[in-house]
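The values are calculated or read from the model by the stated rules, or taken from the named source; none is laboratory data. The shown structure was predicted, so the numbers you read here are calculated from the model rather than taken from an experiment. Here Cβ is always computed from backbone atoms with ideal geometry, including for glycine, and neighbour counts include all displayed protein chains. Note: accessible area is taken over every heavy atom of the protein model, side chains too, but ligands, DNA and RNA are not part of it. Shrake-Rupley method; radii C 1.70, N 1.55, O 1.52, S 1.80 Å.
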Amino acid sequence: MIPDEQAGILVVDDRPENLLALRELLEPLHQDVTCVTSGDDALRCLLNQEFAVILLDVQMPGMDGFETARRIKQREKSRYIPIVFLTAYSFDSHQALQGYSAGAVDYLVRPLDLGIVRSKVAVFVDLYLERKRAERLAAQLSKLDVRRRQALELNDTIVQGLAVAKYAFELGEHDQARAAIGETLEAAKRVLGDLLGDDRVDPGDLVREGPARVPTGHAPPIPGHEARRGR
Amino acid sequence: MTTHELVVMGASWGGLAALGLVLSGLPRDFGAAIAVAQHRGVEPADAVLADALARKSALPVREVHDKDPIVPGWVHMAPSDYHLLVERGGTFALSTDPREQYSRPSIDVLFESAADAYASRVVGVILTGANPDGAAGLARIRRRGGFAVVQDPATADRAAMPEAAMARAGADEVVALSEIAPLLTRLCGRVPATEQARP
Amino acid sequence: MTADWTVRGTADVESLEIALLLEAVYQAYGYDFRGYSRGSLRRRLVRRMEVEGLKSLSALQECVLHDPACMKRLLLDLSVNVSSMFRDPSFYLAFRTKVVPLLRTYPFVRVWNAGCSTGEEAYSMAILLREHDLYDRTRIYATDMNQTVLDQARAGAFPLGKMQEYTSNYIRAGGTRAFSEYYVANGRNARFDSVLSDNIVFAEHNLVTDRSFNEFHVILCRNVMIYFDRSLQDHVLGLLHESLTTLGVLAIGLKESLEFTSHADCYEALDSSQRLYRRVR
């Protein structure tokens, strides 16, 4: 697994021994586990790091789990991160979880069943990684799209220029044809420069300098010229 | 007396050189209008072909717009990706109907509509090319009393198109490429410049 | 020579047959093709004649008069106009830069796509307006004389094999997204997002015989009037003029011209090479 594909898991509990236990429990998932001991620390963490899921102890001194969750959901950046509450046995889950509309919210009752904790977290991690993968793909696609545009522009430039040159050749106007090819190369160079993001392309890289070789017989046909274009 | 008022020409593979040669041989006071369907790919910009031919010809070369009048002494080019048709009443029409013989503009479409509208007053000219487009159109021109000219296949870059035309339509004259301009000038006569509308 | 006389007369007999057939179609069914350019019309009539296995256009006339199903097939032949999405990308590019800013000044935009055929242009325009956040306050009225093509247009499905060409057109037309976002493959078709047709009203309207039915800010009538003769063009231009708000935009095909028409003085060019005009009187 490459670092790019690791998900962050935030664990919030005021008791260090619980944190230690949870960290060990999540270890086999090979993700990036961050442990903090208060709601305040959790909120701070969320400011500069992205997480796939938050495990949140409900009973904490100071800001309790529900208040922490409320604040997390208030922030645009973190409101869609799934939260799993860790609660006591007597907890009325249905009532407590009402009112959370944004993002997934779930709960686990202590004492924790280790297998269930791990598989629940794994589901959120998978979801997160899948979303990240889709985002990366989309970014690559839009990069491809830009390339495609530039390729089309290059294509148009060359086709247009060669059409002029080809007509001139066919009509026996070699000077005209030479000029058209020169202009086409200049234009192609400009577009290629854009494509490569710098100005390193020299027309000489495309066609060796030297006496222009002008066909004396008929010019080679341009694809699409003859009638066999039927689809 | 001149009876031919319209010359329609069709060309495909190698057609531009042939057209250039024919057009450069026509005099400034050429007596008929000319309409040309040249097969080619879709051009990325307007009128590249008309501009190229204009350099070779003493006559004005124009790409046709819909319902343009047919002007004596002008060379009217079918635009890329449109069919060019001749209407009664001395105008052109364009269409975006499907390709015929894989071509748009199609030579048959131009020739058949010219035959219908101009009957015996039209001359059809088939030049070099590698497909049979134009043969049916030339046949219709002959049936309607028009005059059929076919480039001698021996002088054509590609012989298939003139051969197909001769097989299907026959011809009133089969002549070498270099003889086409003088022949057309004899058929269509010359008009004093003052009588012609010049651009 | 008798044989010669007969042969030479063929086309004139044929043009008489065409005139009679068109008159019959008009009187029997109300569809008026009498003002259509004859060259293209003849080719379509002859093709129908051949497909029906008939020997002459007179026979086609008889068939059409006695068999409404035959008329329906003929109508389809005569009314389908070949188009593609974002045909003439330079036109759509000019529309983005020159017309869209004007449309922003209206609280609600009505567009008339006259002679929409199978809908390629209407969907292209919907995509374009959506990308400029104008589509939610736009209604596109896409009209054609033929119900069959309108049904096809409503379905919003075009051959999958065309998508490569359309994608290139779209990009050249200044499209800002991935074209594939707008459709899903469905068998051999690409089905376009129904969001695009939400604000398109497909309706039957005959440019030749029907009257103006609303006032529009934009009228697209591209490569439709090329099938009409001069006097029918003038008639239709009158209808379009009547249906356009003052300062509304008229778009016609790139090889069409307003010059020398009855309405040349009513418009000024927004972009003359792309045939975008604005009604000024």
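Please report the net charge: other residues with Cβ closer than 14 Å to the Cβ of C:A264, K and R +1, D and E -1.
With Lys, Arg at +1 and Asp, Glu at -1, the neighbours total +1.
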**Request:** State, in square angstrom and to the nearest 100, the accessible area buried between chains C and B, both chains counted, probe radius 1.4 Å.
**Result:** 2400
**Prompt:** Which percent of the accessible area of region C:89-279 is formed by carbon and sulfur heavy atoms (probe 1.4 angstrom)?
**Reply:** 47
**Request:** State the percent of C-alpha pairs, over all pairs in chain C, separated by a distance greater than 33 angstrom.
**Result:** 28
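If contacts are Cα pairs under 8 angstrom and at least 6 residues apart, what is the relative contact order of region B:6-195 in percent?
The value is 24 percent.
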**Message:** Give me the dipole magnitude in Debye, nearest 20, for the protein assembly as shown about the Cα centre, with unit charges on the beta carbon: positive for Lys and Arg, negative for Asp and Glu.
**Reply:** 820
**Asked** Binned at 10 Å from 0, what are the whole-percent values of the Cα-Cα distance distribution for region C:2-79, short to long?
**Response** 18, 56, 20, 5
**Fill in**
Along the dipole axis of region C:89-279 (charges at Cβ: +1 for Lys and Arg, -1 for Asp and Glu; origin at the Cα centre), the most positive-end residue among C:Y123, C:S262, C:H217 is C:Y123
**Request:** Express in whole angstrom the spacing between the alpha-carbon centres of region C:188-206 and region B:114-166.
**Result:** 44
**Message:** Of the candidates B:R104, B:R55, B:R144, which one comes out as most mobile in a Gaussian network treatment of chain B with C-alpha springs shorter than 10 Å?
**Reply:** B:R55
**Request:** Give the cross-link partners of A:K143 among the lysines, using a straight C-alpha distance below 30 Å as the criterion and excluding same-chain residues fewer than 8 apart.
**Result:** A:K77, A:K132, A:K189, C:K98, C:K162
**Prompt:** Any idea what log10 I(q)/I(0) is at q = 0.11, 0.15, 0.17 Å⁻¹ for region B:6-195, Debye with uniform C-alpha scatterers and no solvent?
**Reply:** -0.39, -0.77, -1.03
**Asked** Can you give the accessible area of B:H65, probe radius 1.4 Å, in Å² rounded to 10?
**Response** 50
**Message:** Quick check: the angle from helix C:2-29's long axis to the longest principal axis of chain C, C-alpha only, nearest 10 degrees?
**Reply:** 50
**Request:** Ignoring everything but the protein chains, give the 1.4 Å probe accessible area of B:K56 in square angstrom, nearest 10.
**Result:** 60
**Item:** Summed buried accessible surface, chains A and B, 1.4 Å probe, nearest 100 Å²
**Value:** 2000
**Asked** If you roll a 1.4 Å probe over the heavy atoms of the protein chains, what accessible area per residue do you get for chain B, in Å²?
**Response** 32
**Accessible area per residue, Å², region C:1-129 with all protein chains present, probe 1.4 Å** = 43
**Fill in**
Rounded to one decimal in nm, the spacing of the 7 Å Cα→Cβ label points at A:A134 and C:K55 is 6.7
**Request:** Quick one: which residues, 5 or more positions from C:G253 or on another chain, have an amide H under 5 Å from its amide H? H modelled 1.01 Å from N in the peptide plane, none for Pro or chain starts.
**Result:** C:N223, C:V224
**Message:** Contact order normalised by length for region B:54-113, with contacts defined as Cα pairs under 8 Å and 6 or more residues apart; what percent is it?
**Reply:** 29
**Asked** Counting only protein chains, not ligands or nucleic acids, how are C:E242, A:E186, C:E52 ordered by accessible area (probe 1.4 Å), most first?
**Response** C:E242, A:E186, C:E52
**Request:** Taking only Cα atoms and a 10 Å spring cutoff, compute GNM fluctuations for chain C and point out the largest among C:H66, C:H241, C:H217.
**Result:** C:H66
**Message:** Between A:E50 and A:Q74, what is the label-point separation in nm under the 7 Å Cα-to-beta-carbon projection?
**Reply:** 2.5
**Item:** Rounded to whole Hz, the Karplus (6.51, -1.76, 1.60) HN-Hα couplings of region C:222-232, x for glycine and proline
**Value:** 9, 6, 9, 6, 5, 8, 9, 7, 3, 6, 5
**Complete:** Taking Cα pairs closer than 8 Å and at least 6 residues apart, the relative contact order of chain C in percent is 17
**Message:** Net charge around C:C221, counting only other residues with Cβ within less than 11 Å of its Cβ (Lys, Arg = +1; Asp, Glu = -1)?
**Reply:** 0
**Heavy atoms of A:S142 accessible to a 1.4 Å probe, total area in Å² rounded to 10** = 60
**Prompt:** Among B:Y82, A:L162, A:A177, whose Cα lies farthest out toward the positive end of the dipole of the protein assembly as shown, if unit charges sit on the beta carbon of Lys, Arg (+1) and Asp, Glu (-1)?
**Reply:** B:Y82
**Request:** In whole Å, largest first, what are the principal axis extents of the Cα atoms in the protein assembly as shown?
**Result:** 115, 72, 49
**Message:** In region C:149-179, what residues drop by 50 Å² or more of accessible area when the other protein chains are put back, versus the chain on its own? Use 1.4 Å, and skip ligands and nucleic acids.
**Reply:** C:I171, C:R172
**Item:** Positions from region B:1-34 whose accessible area shrinks by 50 Å² or more when the full protein complex is built, not the chain alone, probe 1.4 Å
**Value:** B:W13, B:L16
**Asked** Where is the GNM fluctuation largest for chain C (alpha-carbon springs, 10 angstrom cutoff): C:R87, C:R34, C:R73?
**Response** C:R73
**Message:** Given the options B:S120, B:P98, B:A156, identify the residue whose Cα lies farthest towards the positive end of the charge dipole of chain B (+1 on Cβ of Lys, Arg; -1 on Cβ of Asp, Glu).
**Reply:** B:S120
**Request:** Give me the number: length gained by fully extending C:L134 to C:Q147, i.e. 0.36 nm times residue separation minus the C-alpha to C-alpha distance, one decimal in nm.
**Result:** 1.9 nm
**Message:** Straight-line reach from B:K67: which aspartates and glutamates fall under 16 Å, measuring Cα to Cα and dropping same-chain residues less than 8 apart?
**Reply:** B:E87, C:D229, C:D234, C:E256, C:E259
**Request:** Report, in deg cm²/dmol and to the nearest 500, the calculated mean residue ellipticity at 222 nm for the protein assembly as shown, where each DSSP H run with n ≥ 4 adds -39500 (n - 2.57) and the sum is divided by the residue count.
**Result:** -13500 deg cm²/dmol
**Prompt:** Each residue of region C:110-126 in turn: what ³J(HN,Hα) in whole Hz from Karplus with 6.51, -1.76, 1.60 and θ = phi - 60°, glycine and Pro shown as x?
**Reply:** 10, 10, 10, 9, 7, x, 6, 6, 8, x, 4, 6, 4, 5, 4, 5, 4
